[in-house]
1. When the stretch 3-23 is examined, which residues are found to be open to solvent by 40 Å² or more (accessible area, probe 1.4 Å) and basic (Lys, Arg)?
2. Having 2 or more residues that are open to solvent by 60 Å² or more (accessible area, probe 1.4 Å) and either of a type in the set (D, E, K, R) or within 30 Å of Ala28 (Cβ to Cβ) (or both) is the bar; report the helices (runs of 4 or more DSSP H) wholly within the stretch 48-150 that clear it.
3. Kindly check whether there is at least one residue in the stretch 15-35 that is within 30 Å of Glu139 (Cβ to Cβ) and among the basic types (Lys, Arg).
4. Keeping to the stretch 1-13, report how many residues are within 12 Å of the chain's Cα centre (by Cα) and within 26 Å of Asn78 (Cβ to Cβ).
5. Which one of the conditions (1) part of a helix (DSSP H, G or I); (2) open to solvent by 60 Å² or more (accessible area, probe 1.4 Å) does Leu43 fail to meet, given that it meets all the rest?
Amino acid sequence: MQDGLTSIETIKDGFKDMLKDIFSSSNARYHNYMQFCVDANALFLGPNWENNTRWNSTCKMFECALRQKDTLKMFHDNLADRNKVTAYPESSWDTIKLVTDMFDVFKKATTFLSGVYYPTSCLVLNQIFLMCAKINEFEMRSTMFANMMK
């Protein structure tokens, strides 16, 4: 999984820059975002920063951001409109959603197969079949996923 992430490195780096624009650039901006979420009666979650050596941390980072996508996007677009930051492309959000869906397959399989209170050996074949079917589905979606699977 970690090797496959190199295919979306520029999208991921741009995404992390967007999060840094909101959460790391200044304490005031962070508080402004919190207030923005409160005013919009929207979910506020801090960033779930990625650990570069673990693919599941990238998954968690994307999942957390997708849960608050609307407020992140609106707040960041507002900053971009005032020329404070560089805008984050909408198409990159679509890619992040697709990659997160793909991650979900591996996350479920990892959780399922790492059980200790039930036998997992008899479940492995079915789980591998489901993973292969999902991988084939993603490979047919676009060349980006085909490159990730190599």
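1. Lys20
2. Working: elements: 55-67, 69-81, 90-113, 124-141, 143-148.
Because the criterion is at least 2 residues that are open to solvent by 60 Å² or more (accessible area, probe 1.4 Å) and either of a type in the set (D, E, K, R) or within 30 Å of Ala28 (Cβ to Cβ) (or both), the helices (runs of 4 or more DSSP H) in the stretch 48-150 that meet it are 55-67, 69-81, 90-113, 124-141.
3. Of all residues in the stretch 15-35, those within 30 Å of Glu139 (Cβ to Cβ) come to 15-19.
Still in the running and among the basic types (Lys, Arg): 16.
There is at least one residue in the stretch 15-35 that is within 30 Å of Glu139 (Cβ to Cβ) and among the basic types (Lys, Arg).
4. 4
5. All conditions are met except number (1).
The values are calculated or read from the model by the stated rules, or taken from the named source; none is laboratory data. Quick caveat, the model's predicted, so the values are computed rather than measured. As a convention, Cβ positions derive from the backbone with ideal geometry for all residues, glycine included, and neighbour counts pool all protein chains shown. Note: accessible area is taken over every heavy atom of the protein model, side chains too, but ligands, DNA and RNA are not part of it. Shrake-Rupley method; radii C 1.70, N 1.55, O 1.52, S 1.80 Å.
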